[in-house]
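What follows draws every value from the coordinates through simple rules; no lab data is involved. Just so we're clear, the structure is a prediction, and the values are computed from it rather than from any experiment. Here the Cβ is made from the backbone with ideal geometry for all residues, glycine too, and neighbour counts use every protein chain on show.
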Amino acid sequence: MSSAFELILLLFASYLTGSTPTSIIISKITKGIDIREHGSGNAGATNVFRVLGWKWALIVVVVDVFKGWLPAAVYATTLFKGQPIDDIGVVQILCGFAAVLGHTYTVFAGFKGGKGVGTLGGMLLALFPIAVPLCLIVFAIVLVLTGYVSLGSIMASVSLPILLFIMPPLGLANPPPLSLLIFSLLVPWFIIFTHRSNLSRLRSGEENRFEKAMIFRKK
């Protein structure tokens, strides 16, 4: 088996892993509905929270994160040792991104999935185990201040490359490989692209808020 073919199989396995439509399966099992036909129409954890409640949303988040972590952390480093790419960071990026594409464009649900934030988070956790928890803190701060999950996701993604640049001089982490540093610069663009409808609603003042998460909300 050629190394190039092994890489294709690896990416295909990663895509299928990401394609598992967690929120759609959960909504079918629990309520007999298609989550994409309710709430915001998105097949993601945020919409599951709105429609089914926090317990089911938490399950969706955990599984979606795992879908991104597994290909980047395990598939890329243990399966098919003969890839034609020497930089393991590149292989991890390719596998993780294949999983994110699988989540966003799932083959099991007419290529209509979620926005990929949870799966991307799992991938990033495998690639940047120190920076990602700090990004989650940024997400939490934005959420409690504004109530917007979408804005929190965008700001967290923007903070990733910034953290990777400033952590090594501060002695908090070793300098990342160039491949991972370049990739971190692309992450915000992907998140902004997948949240373009949310940005439009933010500009028009129509974006849904999680007011219960806001500390300084008006009584």
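Things worth noting here:
- Acute angle (nearest 10 degrees) that the helix 54-70 long axis makes with the longest principal axis of the chain, alpha-carbon atoms: 20
- For q = 0.16, 0.22 Å⁻¹, Debye-computed log10 I/I(0) when each Cα of segment 129-219 counts as one equal scatterer: -0.70, -1.04
- Between helix 22-31 and the chain there is an angle of about 40 degrees, using the helix long axis and the longest principal axis of the Cα atoms.
- With Cα atoms, 0 to 90° folded angle of helix 3-19 axis to the chain main axis: 20
- The Cα-based radius of gyration of the chain, divided by its Kirkwood radius, gives an Rg/Rh of 0.99.
- Each other residue within a Cβ distance under 15 Å of Lys115 adds +1 if Lys or Arg and -1 if Asp or Glu, for a net charge of +4.
- Phi angles across segment 87-100 convert, under the Karplus curve 6.51 cos²θ - 1.76 cosθ + 1.60 with θ = phi - 60°, into 3J(HN,Hα) values of 6, 5, x, 5, 4, 4, 4, 4, 5, x, 5, 4, 5, 5 Hz, Gly and Pro given as x.
- Segment 83-138 versus segment 172-209: alpha-carbon centroid distance in Å: 13
- Here segment 1-127 is treated as a Stokes sphere of Kirkwood radius computed over C-alpha pairs; at 4 °C and 1.567 mPa s its diffusion coefficient rounds to 89 µm²/s.
- Max mean-square fluctuation residue, GNM over the chain, Cα-Cα springs under 10 Å, options Met167, Met123, Met155: Met167
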